[in-house]
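Have a look at the structure below before the remarks.
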Amino acid sequence: MKHNFSHAVVLWVAFFALAGRSVSSGQPAGFNYDEAKVGTYSLPDPLTLVDGTKVTEVETWKSKRRPELVRLFETHMHGRSPARPAELKFVVTSTDKNALGGKATRKEITVRFGAGPDAAEMHLLLYVPNTARGPVPAFVGVNFEGNHTVTSDPGITITEQWVWNSKEKRSERMRPAESTRDKRVGSWAVETLLARGYALATIPRADIEPDYAEGWRHGVRGYFLRQAGKSEFAPDDWGAVAAWAWGLSRALDYLETDKDIDARQVIAMGHSRMGKAALWAGASDERFAGVISNNSGESGAAISRRWFGETVERINTSFPHWFCANYKRYNKDVAALPVDAHLLVALIAPRPVYVASAAEDTWADPKGEFLAAKHAEPVYRLFGKAGLGVEEWPAVDQPVGKVVSYHVRRGKHDVLAYDWEQYLNFADRNLLIVKTP
Ligand code: GCU
């Protein structure tokens, strides 16, 4: 599939000649923020099998192309994750039917990934609206700094967790200070989504894996490595982003057992690196009813082949733990990568997907995020679903689409009330079950 977007076409060869750089490197060194210098690139066709066969039937997508693409992402980017542990255990540690001034029922659940005393575990926080007259749809996401940061509810337990000490350059097992409560309230809009009839489930990033190069030693990847009697990861073993995605699947395992939740209607939602995780969760685990990628950027929803903002090389250098070791092979040759972001979005089809950008978040390549949703459309069409309904990148604050949805809002890299408003509208139009009487 050759790209010829008038807005993206540039004198690529001339640029390389001027810059004096080798074309074989795929992308020049450094970071580009000039649309005129993006370069031309060709994307793998979502509907052509690796052996060249065209996919014209849903059945072939399901039985051949989809599994092939999942394997390609596993081998070259995210790595392979373990299956659901046989000894997965859920312990509801608290229930408050009168949380948030009576608006919600709050539950805390410890999810244990093994039977032994040293088994890894995560702490799931769940809010269910008290207006519910039956099982409700839910959003599930990984939070950055602990469950206690997502609302101002003083009843949330502050658990011991791994916290990075930047002065000492090591992580410490500690209980975050009371003063860190509600630090991330703005990003989760808990009261708004409860008022609209949705539940929220969230897990802390550090429970799955503290987010630094050696953090795996304290997370689920280290736990399963030790369980397997190994000390090193294989080149296609899971990275941290896949581990966070795996945590979302384990949260869904719990939600399937909770009678307050309609587990067929759970949307994985994530911001930035957790948007990358939400995309992989929805792509690899078809139980998720939909996915919301908020400003997920490079190696999330942004087309990696576009030389704009963050690059594959930069992400693999700054965050060497995020993807499998094989992904680093593409640092200097992104054109050789057998996958790209549009295929990740396509793996969510025919389920609803929302890709959102922020205009000032140029590091994440907002237009590249739009193009990934755009180039996933052929797979949605194969299922008889409509695409974005626009050909060109829309103006700021102009949400587009129905099943495949997109907006670029004004402002910076963040999740704002405006974003949640669109996500709730998106969930309302795509989830069928009546939430409240
Ligand atoms: C960095 C990183 C991005 C990532 C972001 C975030 O900016 O380069 O890839 O999405 O952090 O998670 O906030």
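Take ASP211 and tell me if it is touching a Lys or Arg at 6+ places or on another chain (Cβ under 9 Å), within 14 Å of the ligand (Cβ to nearest atom) and of a type outside the set (Gly, Ala, Ser).
Yes: the conditions hold for ASP211.
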### Message
So the check is Cβ under 9 Å with 6+ separation or different chains; which pairs have a first residue in the stretch 283-308 that's closer than 11 Å to PRO366 by Cα and among the hydrophobic types (A, V, I, L, M, F, W, C) and a second one that's part of a strand (DSSP E or B) and near the ligand (Cβ under 10 Å from one of its atoms)?
### Response
PHE308/ALA302
### Query
Which of the residues that make up the stretch 203-245 are among the acidic types (Asp, Glu), in a helix (DSSP H, G or I) and either modelled with pLDDT under 95 or surrounded by fewer than 24 Cβ atoms within 10 Å (Cβ to Cβ) (or both)?
none
### Query
In the stretch 268-292, what residues are open to solvent by 10 Å² or more (accessible area, probe 1.4 Å), assigned to a helix (DSSP H, G or I) and away from the ligand (no atom under 14 Å from the Cβ)?
SER284
### Task
Inspect all residues belonging to the stretch 402-409 and state whether any of them is within 16 Å of the ligand (Cβ to nearest atom) and open to solvent by 70 Å² or more (accessible area, probe 1.4 Å).
no
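Yes/no per residue for (1) more than 11 Å from the ligand (Cβ to nearest atom); (2) farther than 22 Å from LEU69 by Cβ; (3) basic (Lys, Arg):
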site: ASN294; (1), (2), (3): no, yes, no
site: GLY300; (1), (2), (3): no, no, no
site: ILE303; (1), (2), (3): yes, no, no
site: GLU310; (1), (2), (3): no, yes, no
site: GLU313; (1), (2), (3): yes, yes, no
site: SER318; (1), (2), (3): no, yes, no
site: TRP322; (1), (2), (3): no, no, no
site: ALA325; (1), (2), (3): yes, no, no
site: VAL334; (1), (2), (3): yes, no, no
### Message
Pairs please, first residue from the stretch 63-84 and under 21 Å from ASN316 (Cβ atoms), second anywhere and part of a helix (DSSP H, G or I) and of a type in the set (Val, Ile, Thr), Cβ atoms under 8 Å, 6+ apart in sequence or on different chains.
### Response
HIS78/VAL241
### Query
Within the stretch 378-401, can you find the residues that are small (Gly, Ala, Ser), closer than 26 Å to ALA189 by Cβ and loosely packed, with under 13 Cβ neighbours inside 10 Å?
ALA395
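Provide a single number: the residues in the stretch 139-150 that are open to solvent by 10 Å² or more (accessible area, probe 1.4 Å) and either over 21 Å from TRP244 (Cβ atoms) or polar (S, T, N, Q) (or both).
1
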### Query
Only one of (1) of a type in the set (Val, Ile, Thr); (2) within 19 Å of ASP45 (Cα to Cα); (3) open to solvent by 10 Å² or more (accessible area, probe 1.4 Å) fails for THR257. Which number is that?
(2)
### Task
Among what's in the stretch 346-363 and is within 16 Å of the ligand (Cβ to nearest atom) and crowded, with 24+ Cβ neighbours inside 10 Å, pick the residue that is farthest from GLU59 (Cα to Cα).
ALA358
#### Entry: One residue from LEU343, LEU248, LEU337 being in contact with a strand residue (DSSP E or B) (Cβ under 9 Å, 6 or more places away or on another chain) and open to solvent by less than 40 Å² (accessible area, probe 1.4 Å)
LEU248
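The values are calculated or read from the model by the stated rules, or taken from the named source; none is laboratory data. Computed from a prediction, not measured in an experiment: that's the story for all the values here. In this analysis, Cβ positions are derived from the backbone assuming ideal geometry, glycine residues included, and neighbour counts consider all displayed protein chains. Please note that ligands, DNA and RNA were not included when accessible areas were found on the heavy atoms of the full protein model with its side chains. Shrake-Rupley method; radii C 1.70, N 1.55, O 1.52, S 1.80 Å.
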